[in-house]
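Down below is the structure, laid out as structure tokens.
The values are calculated or read from the model by the stated rules, or taken from the named source; none is laboratory data. None of these values were measured; they are calculated from a predicted model. Counting neighbours? That spans all protein chains shown, and the Cβs are built from the backbone with ideal geometry, glycine included.
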Amino acid sequence: MSAGAALAADLFAYALRLGDDALVLAQRLTEWSSRAPALEEDIALSNIALDLLGQARALLTYAGETEGAGRSEDDLAYLRSEREFTNCQLVEQPNGDFAVTMARQLFFSAYQLALYRRLAASADATLAGVAAKGVKEVAYHADHAGGWVVRLGDGTAESHRRMAAAVEQMWPFTHELFEADELTGRLAGAGVGVEPSELATEWEEHVEGVLSEATLQGPPQSGESAGWRPAGGRRGVHTEHLGYLLAEMQHLHRSHPGAQW
Amino acid sequence: MVSLGPVESAVREALAEVTDPELPVLTIEDLGVLRDVTVDQDGRVEVTITPTYSGCPAMDVIRGDVERVLAGHGWDNAVVRTVLSPAWTTGWMSDEGRRKLAEFGIAPPGPVAVDLVRCPRCGSAETRLVSRFGSTPCKALRACRRCLEPFEHFKPL
């Protein structure tokens, strides 16, 4: 394989990871549409989903271009099976109660914010463009989720208990966000990608700042989720929840190929 | 500033008919969504647009409207290209666009002070944020403490 072809293959895999993260979380968030606790929140969650969907569209379109096999954003979103999705496991976790949704959002948005800040300087013009476009949107997402984590954590005894439980439930899935592998190593070396481990410090400062204001603890020290570090999403290994999400997302497209609104 | 050829100017003039479907008082030029108009030596028109937000659903409509308006003026082979870089910010909105927004009852994005948002109805600076997210990705919900009216704010990006 020539150097150019090898870089294109890496770009395909990398754009797919970034795009799958955004797509799967967008799909999860739209499950709240018409079900959120207040009208303003319903609108907010749908807007966050829409931003993520826009990022996913740009990234999957670019993945298709770099692959060079003629696959469109829709082909990649609707015609891949579960093991071909390379999103992190955090974004596929079920919405749970509102506190779980907000913990997941804070953890992911803080990660995406640190990532996009760096990726905006990528040597790859398309990735840099998507990141520079998305970084301010993501800053709003992180603020929104952080505001709720503080309000619920530093709220009533019941809201505190549920917010603390949500942080504990989602925390194990954050470890995977910072795992490097050969792909990230090669792309970071080429100035195209970002080494995930570089994001950890900024992420921890961001998240711990919010949690401390929310009177919440960080990583669970004991209990069943302490020390549990699930991973594998980047290799296509997922929790049992992703299959159901994809079934709902892909059903119409697969049942009626070529259907248009 | 490169001076525009007569065809480019005519295309831009025609595109004044294309407004944002979610903010119908603003043309795509007012909004800063219209990035460029070029005409090659064969007379083929290329229009470059950029989204305000990554997922802005108005982009598909705007693309269709640009093609339709240009076809109506005889440029039926126009190509509409979407670019992300440099990223759109509220700095791309024209002063004329800001004035039209305020008249329409939507608080425009301020050039500097992010926290000072005046009520578009009574002009009071005593307003509060209701939600960072509104009816479209580009707007937040606010309310005026003086006249008590809720209003939308085109949020700075």
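Quick look at the values:
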{"item": "Cβ pairs under 8 Å, 6+ apart, first in the range A:8-19 and farther than 15 Å from A:Gln112 by Cα, second hydrophobic (A, V, I, L, M, F, W, C) and at pLDDT below 95", "result": "A:Ala9/A:Met1"}
{"item": "Residue that is surrounded by the most Cβ atoms within 10 Å (Cβ to Cβ) [pool: residues in the range A:24-47 that are within 12 Å of another protein chain (Cβ to nearest Cβ), among the aliphatic types (A, V, I, L, M) and closer than 24 Å to A:Glu82 by Cβ]", "result": "A:Leu29"}
{"item": "Hits in the range B:78-130 (condition: out of contact with any strand residue (DSSP E or B) (no Cβ under 7 Å at 6 or more places or on another chain), assigned to a helix (DSSP H, G or I) and among the hydrophobic types (A, V, I, L, M, F, W, C))", "result": "B:Trp92, B:Ala102"}
{"item": "Candidate set: the range A:167-197, residues that are more than 17 Å from the chain's Cα centre (by Cα) and in contact (Cβ under 8 Å) with a residue 12 or more places away in the chain; chosen: the one nearest to A:Ala142 (Cα to Cα)", "result": "A:Glu168"}
{"item": "Single unsatisfied condition, B:Ala143 versus (1) within 14 Å of chain A (Cβ to nearest Cβ); (2) of a type outside the set (Asp, Glu); (3) under 19 Å from the mean Cα position of the chain (by Cα); (4) more than 21 Å from B:Arg35 (Cα to Cα)", "result": "(3)"}
{"item": "Every pair of residues 6+ apart whose Cβ atoms lie under 7 Å, when the first sits in the range B:65-85 and is in contact (Cβ under 8 Å) with a residue 60 or more places away in the chain while the second is of a type in the set (Ser, Thr, Tyr) and crowded, with 16+ Cβ neighbours inside 10 Å", "result": "none"}
{"item": "Tabulated pairs, the range A:140-154, first in a loop (DSSP other than H, G, I, E, B), second surrounded by fewer than 21 Cβ atoms within 10 Å (Cβ to Cβ), C-beta under 6 angstrom, 6+ apart or interchain", "result": "A:Asp154/A:Thr215"}
{"item": "Selected residue [over 15 Å from the mean Cα position of the chain (by Cα), at pLDDT 95 or above and buried (at least 24 other Cβ atoms within 10 Å of the Cβ)] from A:Leu127, A:Leu115, A:Leu106", "result": "A:Leu127"}
{"item": "In the range A:66-82, residue farthest from the other protein chains (Cβ to nearest Cβ) [restricted to those that are in contact (Cβ under 8 Å) with a residue 60 or more places away in the chain and charged (D, E, K, R)]", "result": "A:Glu82"}
